[in-house]
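First comes the structure, then the notes that go with it.
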Amino acid sequence: MSLHRGDKIGAYEILGLAGAGGMGEVYKARDPRLGRDVAVKVLPAALAGDADRVRRFEVEARAAGRLNHPNILHIYDVGQHAGQPYLVTEFLDGETLRDRMGGSPMPVRKSTELAIAFAYGLAAAHEQGIVHRDLKPENLFVTRDGRLKILDFGLAKLTRPDAGEGTGATVHASDTGPGAVWGTVGYMSPEQVRAQSVDHRADIFAFGAILYEMLSGKRAFKGESPADTMSAILREDPPDLTIVDKAIPLALERIVRHCLEKAPGERFRSAHDLAFQLEGLSGLSGSGPLEVSGEGVPAVRATNAAKYHPLTYRRGMLYSARFTADGATVVYSAAWDGDELRTFMKRPESPDAIPLQLPSAMIAATSRSGEMALIIDPTFAHNGVWVGTLALAPLFGGAPREVAERIHSVDFDPTGQHMVIVRDVDGRGRIEYPLGNVLYETKGHVSYARISPDGTRIAFLDHPWVGDDRGAVAVVDLEGRMSALTEHWSSAQGLAWTPDGSEIWYTAASSGNARELRAVTPEGVARNVSGYPGMMRLFDVSTPGH
C-alpha cells in the first residue's frame, strides 16, 4: 500500500510518510474528530500474509494498548484497511535514542535523567505482566522536549491475561518458552541467548546494556560476528565505566553492573528498585567532582545558609521518614544492605538507630498522642506510588492494628483522633477526611496529603497523569473547595507544612528530576528555600522547624 497526502485510512487523513522499517510504514496523519496529529503504522502487503509478522503486529497493539504511562508510546486505535492491519499511536516529534547518541557518550546528568524515565516506563509494563524482550536504542524515542518513550512491543511476552480472557496466557507457550531466541544481538540477556524462558529481568539486563552505551558511547557487548557478541554476553564483562570516563560516579557504575549480572537472580529484583536507585544518585551526575566524606556520603554544599546533618550512613533505599511530636526523634523506613524493609527510630545525637519490632512497613505519619500510622507490606502501584494496608501502632511498642486496605498516604489531624488518607477508587485519586468522607477526587493521582496545623486545610501534590510525578501544589478546605497554588512542576515529590502554617514546603524541579526545596503560602506566594547538588525529597518538618 502506498499512501499519499490526503488519503484516508479509517477515520484518519494522511499528511505524509514519517518513516519506514521492517515492520511497516509509519505515516503522520490527522484525526479530525479530536483535532490532533497521530501516527498510523501500516503492515505492508508483502508481510500481511506472514502469520508471524501479523502476530507480532497484534502483540504490539495488545501489549502497548494495556499501558497508560507517560514513558510508553500510547496506542489509540487498531484496524484493517484494504486487508492490511494498521494501528494508530500518538505522534512523536524528536529522534530515537540511537540517533540522539550519535555514536558518542551522552552527558552523565542527561543519561541519568533519561534512564529514570526509562526505568519507570519499564516498571509500568512489568506491573501489567508485559516483558518487552527487544529493548535497544532504536526502540527508545526522545522527544524534542526531552521526554523518553518506549516503543515497539512487537516481541513482547504477555504473562498476564487480558480482561475477559480467563486465566490462560495471551500468547502461545511456543512463542515464549525455551527453544526460541527472541531479541536483538548485543542487548539480549544470557537467558535469551541460551533460548531459555525469560521474565522481566531480561529487560533489566537490556536496560543495563543501553545505559552503558549512553554513558560510554560504546556497546557493552560487541564482537566481530553475532556469534562472538553472543559469546561475550555469556562470558565477558564490559570495561568499567569509571575507566572509560572518570567523571562517571562509582555508584552509577555499580547500578549498571548490577543490571548486567549474568544470573537473573543477581540483578535488580524489579525496575521499580532500579528507578529508585537511579533517583537516589541522579543529583550526583553533574560535571565536576563532589566532596565525599569518609562514609561515602556526598559533602553538602548548602545555599541560603541552610545546613544539613546526615542521620544515616548505610547503603540502601530510604522509603519514608517522619519526626515524632517533640521534633527530637526521627522514625524512618529503609531497606539497608539488601535487607528487607524495616522501620527504625533515630535521635540526632545517638550514634545508632533502633530497629522497631514491626512487620515490613513504611512509616506514614506520627501523632501528638504517640501513635504512628504504617503502610504494611507496601507494593509499588501502576500510578507510581506505594500502596498497602493502613495500620496503627503505639510509637514505643505494640502490635499494629489494621484499619483499611490499599492506602497510599496518611496524615493525622492536630487532635490525633482523625486521619487524612489518600487512595485510588475505580482508577481515580481520592483524598478522604475523615476516613470515608471524600473531599477531593481526580482522574490523575494525589500524593503527600498533609493537614494544616490548625486543621482547616489539606495541602497535597496534584498529579494530572497517572504514573507521572509531574504536578502542582494544591489545597482543599473541609468543604471540598480546591485551589492550585503553583505551576505544574516537571517532578514534584515531598510536602509538609511549616509549624505555624504560614507556608507549605515541598520539593520540585522545573525541568528534569533535580528537585529543590521550595515554599508557597496558602495564598499562592512562592519562593525558593534552598538548593542542593542532588535530588531532594522532603518528608517532614519538625515542630521546631527542622
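The values are calculated or read from the model by the stated rules, or taken from the named source; none is laboratory data. A quick note: this is a predicted structure, and the numbers were derived from the prediction, not measured. Neighbour counts are summed over all protein chains in view; Cβ atoms, including those assigned to glycine, are modelled from backbone coordinates with ideal geometry. When the accessible area is computed, the model is the full protein with side chains, heavy atoms only, and any ligands, DNA or RNA have been set aside. Shrake-Rupley method; radii C 1.70, N 1.55, O 1.52, S 1.80 Å.
If I ask for residues that are closer than 22 Å to Val420 by Cα and either among the hydrophobic types (A, V, I, L, M, F, W, C) or at pLDDT 95 or above (or both), which ones from the range 482-497 would you list?
Met482, Ala484, Leu485, Ala492, Leu495, Ala496, Trp497
For the range 463-474, does any single residue satisfy the condition of being loosely packed, with under 15 Cβ neighbours inside 10 Å, modelled with pLDDT under 90, in a loop (DSSP other than H, G, I, E, B) and in contact with a Leu (Cβ under 9 Å, 6 or more places away or on another chain)?
The answer is no; no qualifying residue exists.
Among all residue pairs at least 6 apart or on different chains, which show Cβ distances below 8 Å where the first residue, located in the range 111-136, is in contact (Cβ under 8 Å) with a residue 12 or more places away in the chain and the second is of a type in the set (Val, Ile, Thr) and assigned to a helix (DSSP H, G or I)?
Note: pairs meeting the criteria are Phe118/Ile210; Leu122/Ile204; Leu135/Ile210; Lys136/Ile210.
Hey, can you tell me all the residues within the range 224-239 that are open to solvent by 30 Å² or more (accessible area, probe 1.4 Å) and either over 29 Å from the mean Cα position of the chain (by Cα) or touching a residue at least 40 places away in the same chain (Cβ under 8 Å) (or both)?
Result: Glu224, Ser225, Pro226, Ala227, Asp228, Met230, Ser231, Leu234, Arg235, Glu236.
Is there any pair with a first residue in the range 395-416 that is touching a residue at least 40 places away in the same chain (Cβ under 8 Å) and a second that is surrounded by fewer than 18 Cβ atoms within 10 Å (Cβ to Cβ) whose Cβ atoms are under 6 Å apart and which are 6 or more apart or on different chains, and what are they?
Close Cβ pairs (under 6 Å, with a partner that is surrounded by fewer than 18 Cβ atoms within 10 Å (Cβ to Cβ)) amount to Leu395/Gly370; Asp413/Gly455; Pro414/Gly455; Gly416/Arg368; Gly416/Ser369.
Can you tell me which residue is nearest to Asp462 (Cα to Cα) among those in the range 392-424 that are of a type in the set (D, E, K, R) and open to solvent by 80 Å² or more (accessible area, probe 1.4 Å)? If you could, list the steps in order and put the result at the bottom.
Taking the range 392-424 as the starting set, the residues that turn out to be of a type in the set (D, E, K, R) are 401-402, 405-406, 411, 413, 423-424.
Now restrict to residues that are open to solvent by 80 Å² or more (accessible area, probe 1.4 Å): 401-402, 405-406.
Values: Arg401: 30, Glu402: 27, Glu405: 22, Arg406: 19 Å.
Here the residue is Arg406.
Might you check whether a residue that is modelled with pLDDT under 70, out of contact with any strand residue (DSSP E or B) (no Cβ under 6 Å at 6 or more places or on another chain) and either of a type in the set (A, V, I, L, M) or surrounded by fewer than 17 Cβ atoms within 10 Å (Cβ to Cβ) (or both) occurs anywhere in the range 51-68?
Yes, that holds for at least one residue.
Looking only at the range 195-220, count how many residues are in a loop (DSSP other than H, G, I, E, B) and within 27 Å of the chain's Cα centre (by Cα).
Here the count works out to 7.
Given the condition within 19 Å of Ala125 (Cβ to Cβ), buried (at least 20 other Cβ atoms within 10 Å of the Cβ) and in contact (Cβ under 8 Å) with a residue 24 or more places away in the chain, answer yes or no: does some residue in the range 240-256 qualify?
The answer is no; no qualifying residue exists.
Residues being open to solvent by 40 Å² or more (accessible area, probe 1.4 Å), within 22 Å of Tyr532 (Cα to Cα) and in contact (Cβ under 8 Å) with a residue 60 or more places away in the chain: count how many of those fall in the range 257-281.
Number satisfying all stated conditions: 1.
Identify the single condition in (1) farther than 18 Å from His74 by Cβ; (2) modelled with pLDDT under 90 that Phe153 does not satisfy, given that it satisfies every other one.
Result: Phe153 passes all but (1).
Yes/no per residue for (1) within 17 Å of Ala484 (Cβ to Cβ); (2) within 22 Å of the chain's Cα centre (by Cα); (3) without any contact (Cβ under 8 Å) to a residue 60 or more places away in the chain; (4) assigned to a loop (DSSP other than H, G, I, E, B):
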{"site": "Ala508", "(1), (2), (3), (4)": "yes, yes, yes, no"}
{"site": "Asn513", "(1), (2), (3), (4)": "no, yes, no, yes"}
{"site": "Arg518", "(1), (2), (3), (4)": "yes, no, yes, no"}
{"site": "Pro522", "(1), (2), (3), (4)": "yes, no, no, yes"}
{"site": "Val541", "(1), (2), (3), (4)": "no, no, no, yes"}
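Quickly run through the range 524-546 and pick out the residues that are within 17 Å of Arg347 (Cβ to Cβ) and surrounded by 17 or more Cβ atoms within 10 Å (Cβ to Cβ).
Matches in the range 524-546: Phe539, Asp540, Ser542.
I need the full set of residues from the range 93-132 which are open to solvent by 10 Å² or more (accessible area, probe 1.4 Å), closer than 14 Å to Arg147 by Cα and either of a type in the set (Phe, Trp, Tyr) or outside any helix (DSSP H, G or I) (or both), in order please.
Across the range 93-132, the qualifying residues are Asp93, Gly94, Glu95, Thr96, Tyr120.
Which residues, counting only those in the range 291-333, are at pLDDT below 50, in contact with a strand residue (DSSP E or B) (Cβ under 8 Å, 6 or more places away or on another chain) and outside any strand (DSSP E or B)?
Glu291, Ala299, Ala302, Thr303, Asn304 - these are the residues of the range 291-333 that are at pLDDT below 50, in contact with a strand residue (DSSP E or B) (Cβ under 8 Å, 6 or more places away or on another chain) and outside any strand (DSSP E or B).
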